[in-house]
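Working notes, beginning with the structure itself.
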Amino acid sequence: MRIALATPLYPPDVAWPAPYTKELARRLSPTHEVTVMTYGEMPEKVEGVRLVSVSKRLPRTLRIMRYTQALWREARRADVIYAENGASVELPLTIVSFLSRTPILMHLGDKRAHKKAADSVSLKNIEKAALSSAKKIVSDSPLERPEILPFGDYPINEFAAYEASWLKHMEMLEDLFIYAKQ
């Protein structure tokens, strides 16, 4: 299956959803053709994952237009688009959803972006439009990766819980990707 991951943040960014999207791409790439659509400079590579990045240095309007164009190109190739919330992805996603028949799954993983949208009429409307174009809205997220501290014990139990949460999350997403394609 060809999966496009649309995200406003991706490593080297550190804020959520950057680490989530990179880990998701890594876990999907052995069995799917994965493209990550993001904003930024020099995104971190993941073996077997195609990266499409739009510079954050461009003026906002031009940046959003370029991201929309890139997302439109990817939508024509993809079987499904899995998008992270955030206005810089939601606005292009809403536009592309009118032009494309590619099913969209929306992940509400970025709590800060969701709160920011709740506090702004225009951002709330953009989020609402993006959510209405989605075939399914996903609010489930795996646990964050445990921190390994110098001179501390290796967090065995925390890593076991982290892996279990990812296994459960991936199983749910695989089912949703199949559902969305039907």
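Table: residues versus (1) in contact with a Ser or Thr (Cβ under 9 Å, 6 or more places away or on another chain); (2) under 22 Å from TYR39 (Cβ atoms).
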position	(1), (2)
PRO92	yes, yes
ALA129	yes, yes
ALA160	no, no
SER165	yes, no
Point to revise | Of the criteria (1) β-branched (Val, Ile, Thr); (2) outside any strand (DSSP E or B); (3) within 14 Å of the chain's Cα centre (by Cα), which one VAL46 fails | key: (3)
Check your understanding: Out of (1) in contact with a Gly (Cβ under 6 Å, 6 or more places away or on another chain); (2) buried (at least 18 other Cβ atoms within 10 Å of the Cβ), the odd one out for ASP13 is which?
Key -> (1)
Study note, to complete from the structure: In region 49-80, residues that are part of a helix (DSSP H, G or I) and of a type in the set (Gly, Ala, Ser) total 2
Exercise for review: Give the residues of region 144-182 that are open to solvent by less than 100 Å² (accessible area, probe 1.4 Å) and β-branched (Val, Ile, Thr), sorted by residue number.
Suggested key: ILE148, ILE178
Point to revise | Any pair with Cβ under 8 angstrom, 6 or more apart, that starts in region 33-60 at a residue that is in contact (Cβ under 8 Å) with a residue 24 or more places away in the chain and open to solvent by less than 30 Å² (accessible area, probe 1.4 Å) and ends at one that is assigned to a loop (DSSP other than H, G, I, E, B) and of a type in the set (D, E, K, R) | key: TYR39/LYS56; GLY40/ASP13; GLY40/LYS56
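The values are calculated or read from the model by the stated rules, or taken from the named source; none is laboratory data. Everything quoted here is computed from the prediction, not taken from an experiment. With ideal geometry, Cβ positions are generated from the backbone for all residues, glycine too; neighbour counts draw on all protein chains shown. Accessible surface areas use protein heavy atoms only, side chains included; no ligands, DNA or RNA. Shrake-Rupley method; radii C 1.70, N 1.55, O 1.52, S 1.80 Å.
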